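The values are calculated or read from the model by the stated rules, or taken from the named source; none is laboratory data. Keep in mind it's a predicted model, so treat the numbers as computed, not measured. Cβ placement follows ideal geometry from the backbone for every residue including glycine, while neighbour counts extend to all protein chains displayed.
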Amino acid sequence: MGKFGATEIILIVVVILLLFGGKKIPELMKGLGSGIKEFKDASKDNSGATTNPNKKEETDTKSE
């Protein structure tokens, strides 16, 4: 389970072609690519902010 064979991939591609048409697919892939890029950039910006507050909380509880 979870692994796709050649038959499943071909079937998925055919269904996508039928639903969206050949001209719409490049626009969809462009939007998907820009969305992934924005997500990676946002997660890269927030990665440092999420690890430091835990250490600060530990030091605050020791001083009390």
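For (1) part of a helix (DSSP H, G or I); (2) surrounded by 10 or more Cβ atoms within 10 Å (Cβ to Cβ); (3) at pLDDT below 90, each residue gets a yes or a no:
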position	(1), (2), (3)
Lys3	no, no, yes
Pro26	yes, no, yes
Lys30	yes, yes, no
Phe39	yes, yes, no
Thr50	yes, no, yes
Pro53	yes, no, yes
Lys56	yes, no, yes
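Which residues, taken from the range 5-24, are surrounded by 10 or more Cβ atoms within 10 Å (Cβ to Cβ) and assigned to a helix (DSSP H, G or I)?
Correct list: Glu8, Ile9, Ile10, Leu11, Ile12, Val13, Val14, Val15, Ile16, Leu17, Phe20.
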